[in-house]
Structure formats: C-alpha cells, structure tokens
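Working notes, beginning with the structure itself.
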Amino acid sequence: MDKQVCIGTIVAPHGVRGDIRILPQTEHPEQFLELDYLLLEDGRTLHLTNARFHKRMALIKCREVNNMNEAEMLRGQKVYINTEDLPELEEGEFYVADLLGCDVADESGNAVGVLKDVISTGSNDVYVVTGTDGKELLIPALKKHVKEINLDERRITVELPEWVDEK
C-alpha cells in the first residue's frame, strides 16, 4: 500500500448539490486544483469532478457526493493523498512525513535521538526530537542548527543549540 499524507480536513458542506468545503493543511493548497481523487480516513475514495477556492477553503465536487446530507456526513474527516502524488519540492525542501522517524546525530556522529514531530511556528519550523535519554529536545530548523538531511540514510545531522545541555 502507498504511503499517504493528510492534506486537509472536511469542515462543512457547501451549497445543496453536495460540494464539500475543505480546510487545506498543506503548504501547497493549489494542488487541490489538480487532484483526481481524495482518500478519506474511513477508507473511501472520492473522485473529484471540480475544484475551486473561496476564502482560503477548497470547494470540491465529487462524483460520490450528490447532496448536502451526504456532504454533511463527511464533516470532520481528514483527507489524504498518496505521497507519490505530492508536488515536487525545490532543492533543500522536504515533506515532514519523510523526516519523521529519522535518526538525529550531532556533527561528531553522536546519537542525539529520533525526530518525533515538526512544529510550524510561523517564522521557522522546530524539530521535536526524542533524545536518547527519553527527554524531548526542541531544535530550530535553521541552517545554523540543521547541518544535513540525508533521507537515503534516514539521518539528520545537527549542531545542538547552546541551551541544550550536553553531557
């Protein structure tokens, strides 16, 4: 089975003909305009016949949803696509789903921990690393601290911030 990534949440019906309103949860919301399908968390697949935007919401018409009541039943569901259908990224950009679970080491090769989560703060992302001692470390995702990301080896090399106690 293909790896899947969440790209939004169905927040409400839109109109009486079964359109659904989706809050995009992706840095590339324009991809909704090019999709052929959406995967729901309950296992169903919706086939898109039309997509447009209105006030930061993706308005989607699907073959399988024909009225407001059917659209209402989808409220709150996360929508996914297969990772192979994600847009290509620029050099040095990565999808969070690809980074999760990577080993994190310092520049000397000493194990720091495993990347557990990425927090978007607005100004820069912050890597949440479960340290080798089980404690949580927060590392700003800045070039100053993140020296290398090697997805083939599933390894991230970092320079720990000064506020992280080194042993």
Where residues in the range 39-84 are charged (D, E, K, R) and at positive phi, which of them is farthest from the chain's Cα centre (by Cα)? K55
Among V79, V129, V65, which is outside any helix (DSSP H, G or I), within 15 Å of V146 (Cβ to Cβ) and not basic (K, R)? V129
Is there a residue being out of contact with any helix residue (DSSP H, G or I) (no Cβ under 9 Å at 6 or more places or on another chain), under 17 Å from I20 (Cα atoms) and assigned to a strand (DSSP E or B) anywhere in the range 107-122? no
Quickly run through the range 132-153 and pick out the residues that are among the β-branched types (V, I, T) and in a strand (DSSP E or B). I139, V146, I149
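Name the residue, out of D103, D133, that is touching a residue at least 40 places away in the same chain (Cβ under 8 Å) and over 14 Å from the mean Cα position of the chain (by Cα).
Unique residue meeting the criteria: D103.
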Looking across the range 85-99 at residues that are of a type outside the set (S, T, Y) and within 16 Å of I119 (Cα to Cα), the single one that is farthest from the chain's Cα centre (by Cα) is E93
Residue selected from the range 8-21 under the condition touching a helix residue (DSSP H, G or I) at 6+ places or on another chain (Cβ under 7 Å) and assigned to a strand (DSSP E or B), by the criterion nearest to A97 (Cα to Cα): I20
Of the residues A51, A71, which is surrounded by 15 or more Cβ atoms within 10 Å (Cβ to Cβ) and not in a strand (DSSP E or B)? A71
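None of the figures in this text is laboratory data; all of them are computed from the coordinates on show. This structure is a prediction, so every number in the text was calculated from the model and none was measured. Glycine gets a Cβ as well: all are built from the backbone with ideal geometry, and neighbour counts include every protein chain shown.
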